[in-house]
Amino acid sequence: DTSPRATDAVTVLGLGAMGSAIAAAFVERGYRTTVWNRTSSKTAPLVAAGATAAANPADAVAASPITVICLLDTAAVDAVLDSLVGAVAGKVIVDLTSGGPDHARAVARWAEDQGAEHLDGKIMSDPPDIGSGPVTLPVSGSRRAFEAHEQLLRELGTVTYHGEDAGAAAVEFMAQVAACYELLIGFLHTVALVRAEGADTVGFAERLAETVGQLAGLLPTMAHAVETGTYPPDLGPLDVQAALMPDLIAHRDAIGVESVRMREVRELMDRRIADGHGDEGFSGLFELLAVAAT
Ligand code: FVH
């Protein structure tokens, strides 16, 4: 992309596995890159590649209009921000550290008090993918800062902007991570089931990957059903789906495989049917999930 850049200078605070990959991507793309890390020895590979090492976070932030922070956790971010009081006025601070929505909102308030603009982003990929592989980067916060520096952020991967609420990217990230863990912990339990029955685990996993691919198409449809409150018989009517559950759970109990989630599914199905919705599908269980009305 040869369009003029908003800036050719960028600062990166934090040179762990991810921070180093981020700084390297900026150096490789010709940005004047300034780096800082608590353990200064980690700056060496990046300095060798053309980056400039700063002695402390404040000097590093002063060197560029925009600073990317990528540290282990929110406690680390707070520690570094404490050393940046009075040093960020007029700057753009982009925090890519994993954390929850409320921390992102707190950093946004801190930045505003300090006269800086703030973006929060979450990196959904592994360090080697930065700059080249499948990187998803939800970002939220100052729309002006996002529009001014969108291209710099896109050097790292596929960026999606989630609005002015600084916590929105973290909401997306937490939901994505949790949904993947929900799927994968269930997958591992079914691997235990398949192995307990002496079946082919890898073959099962390959066939399940196909099934999961088909489920992917169902997710937006189910979200639409939730939004409209109208539930089609997805995966079939609950009357039919529920009929399997006693045998499915009895089988897992018989071979010692965890069934806590299957018991939750059965209980929700039975309640939904008792409420008169046996002709609707799995998405209708949403109505029974105790979520405080927003
Ligand atoms: N690594 C991954 O695969 C995941 C992929 C998805 C996104 N995550 C998030 O990225 C953040 C950084 O993760 P990381 O893999 O770079 O983590 P480390 O390699 O352990 O580096 C941690 C850096 O944080 C610095 N640090 C820790 N505590 C402090 C502190 N109190 N003050 C200042 N810096 C601190 C640490 O410094 P040092 O130990 O080298 O001196 C590293 O630079 C993270 O949020 C992941 O969830 C990565």
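The table for this structure:
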quantity	calculated
Angle in degrees between helix 201-228 and the longest Cα principal axis of the chain, rounded to the nearest 10	80 degrees
GNM flexibility winner over the chain from Thr230, Thr160, Thr67 (Cα, springs under 10 Å)	Thr230
Vicinal HN-Hα couplings computed from phi for the stretch 177-184 (Karplus, 6.51 cos²θ - 1.76 cosθ + 1.60; Hz; Gly/Pro x)	5, 5, 4, 5, 5, 4, 5, 6
Semi-axes of the equivalent ellipsoid for the stretch 224-294, Cα gyration tensor, largest first, Å	24, 14, 9
Mean Cα-pair separation over length for the stretch 132-172, i.e. relative contact order, pairs under 8 Å, 6 or more apart, %	54 percent
Cα-based Rg / Dmax (Å) for the stretch 52-92	10.0, 26
Whole-number percent relative contact order across the chain, with pairs defined as alpha carbons under 8 Å at least 6 apart	12 percent
Zero-based 10 Å bins, Cα pair distances in the stretch 139-280, whole percents	9, 25, 31, 20, 12, 3
DSSP-defined beta bridges in the chain - what % are antiparallel, rounded to 5	15 percent
Distance between the stretch 227-294 and the stretch 1-50 - C-alpha centres, whole angstrom	50 Å
Footprinting exposure proxy for Lys122, Lys42, Lys91 (fewest neighbouring C-beta atoms within 10 Å first)	Lys42, Lys91, Lys122
The stretch 113-252 - percent relative contact order, Cα under 8 Å, separation 6 or more	16 percent
Max mean-square fluctuation residue, GNM over the chain, Cα-Cα springs under 10 Å, options Ala108, Ala175, Ala274	Ala274
Sequence-distant residues sharing a close amide H with Thr34 (under 5 Å, placed H)	Val10, Thr11, Val12, Thr52
Rg over Rh [alpha-carbon atoms, Kirkwood Rh] for the stretch 11-138	0.93
Built amide H within the under 5 Å cut-off of Ala116, gap 5+	Gly90
Projected label distance in nm at Ser40 and Arg109, using a 7 Å step from Cα toward the beta-carbon	3.6 nm
Within a Gaussian network of the chain (alpha carbon springs, distance under 10 Å), most fluctuating of Ala178, Ala199, Ala25	Ala199
Where only alpha carbons of the stretch 1-85 are counted, the Rg and the Dmax (Å)	12.2, 38
Extent along principal axes [Cα atoms of the chain; Å; largest to smallest]	66, 43, 37
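None of the figures in this text is laboratory data; all of them are computed from the coordinates on show. Predicted model only: the values in this text are computed from it and were never measured. No Cβ is skipped: glycine too gets one built from the backbone with ideal geometry, and neighbour counts run over all protein chains shown.
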